[in-house]
Amino acid sequence: MFTPASLRRFLDRLYLGAGVLAAASIAAICALMLAQAFGREAGIPIPGADDIVAWLCAAAAFLALGHTFRAGDLVRVGVFLDRLPERARWLAEVLALGITAIFTTYMLWAVTRFVYDSWRFNEVAQGLIKVPIWIPQLALVAGIAIFYVAVIDELPAVLRREKPSYQRAEEARAAAGDFSEKL
């Protein structure tokens, strides 16, 4: 049975794990592109590398969403929010999270249906590697699902007028003198 503390640990590990998978996807893109460049010079082609790089790009982008959201690294309009009075800022945060939750719910449904249709129709990738396309598409569903959980995870804290994790992360960076996200 989940206690609040164990649920928090599980969710934090889920976000971190997705972030690690996104970073691993980027590292794999780098390795594959370097292998392609050296292989080209050596006359050793790497068939299907472009397809794999495309799938890894999508995986990196979507798997990173939940982690970057919680870490305060997604683009937000903090300049606008910081100028609002406390109550107006709280309402804006609730409204933004509510709209994001609704949009993410629709996005998760639509992408899941899209991937299900790819599976149902036995759709195969068009490139050199003939793989059922739903397999690399699963990263999109997983990434959006984790982002959805992260948004829903923040909503109760904001409704209780607590600082969301993304705001705490931004404040911690500012306190440490790291203003890199402001550039």
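The values are calculated or read from the model by the stated rules, or taken from the named source; none is laboratory data. In this text, all values refer to a predicted model and were calculated from it rather than measured experimentally. All Cβ positions, even for glycine, are placed from backbone atoms using ideal geometry, and neighbour counts span all protein chains on display. Keep in mind that these areas ignore ligands, DNA and RNA; they rest on the heavy atoms of the full protein, side chains included. Shrake-Rupley method; radii C 1.70, N 1.55, O 1.52, S 1.80 Å.
Values for this structure:
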read-out	value
Some residue of segment 73-85 being assigned to a helix (DSSP H, G or I), surrounded by 12 or more Cβ atoms within 10 Å (Cβ to Cβ) and not small (Gly, Ala, Ser)	yes
Flag if Lys163 is in a loop (DSSP other than H, G, I, E, B) and touching a strand residue (DSSP E or B) at 6+ places or on another chain (Cβ under 9 Å)	no
Qualifying residue in segment 58-69 (condition: in a helix (DSSP H, G or I), open to solvent by 60 Å² or more (accessible area, probe 1.4 Å) and free of Cβ contacts under 8 Å to residues at least 24 places away in the same chain)	no
Among residues of segment 127-153, those that are part of a helix (DSSP H, G or I) and touching a Phe, Trp or Tyr at 6+ places or on another chain (Cβ under 8 Å), counted	12
Single condition Ser118 does not satisfy, out of (1) without any contact (Cβ under 8 Å) to a residue 24 or more places away in the chain; (2) open to solvent by 30 Å² or more (accessible area, probe 1.4 Å)	(2)
Residue match in segment 13-29 (condition: part of a helix (DSSP H, G or I), among the charged types (D, E, K, R), open to solvent by less than 60 Å² (accessible area, probe 1.4 Å) and closer than 20 Å to Arg168 by Cβ)	no
Any hit, segment 109-126, residues being part of a helix (DSSP H, G or I), among the basic types (Lys, Arg) and either closer than 18 Å to Leu65 by Cα or under 18 Å from the mean Cα position of the chain (by Cα) (or both)	no
Hey, Arg70 modelled with pLDDT under 95 and among the charged types (D, E, K, R) or not	yes
Failed item, numbered, when Asp50 is tested on (1) assigned to a helix (DSSP H, G or I); (2) crowded, with 16+ Cβ neighbours inside 10 Å; (3) acidic (Asp, Glu)	(2)
Leading residue by the ranking (most open to solvent (accessible area, probe 1.4 Å)) among those in segment 127-140 that are under 23 Å from the mean Cα position of the chain (by Cα) and of a type in the set (Val, Ile, Thr)	Ile135
Flag if Ala37 is among the small types (Gly, Ala, Ser), within 30 Å of Asp12 (Cα to Cα), open to solvent by less than 100 Å² (accessible area, probe 1.4 Å) and outside any loop (DSSP other than H, G, I, E, B)	no
Test: Ala5 is out of contact with any Asp or Glu (no Cβ under 9 Å at 6 or more places or on another chain), modelled with pLDDT under 95 and under 27 Å from Pro164 (Cβ atoms)	yes
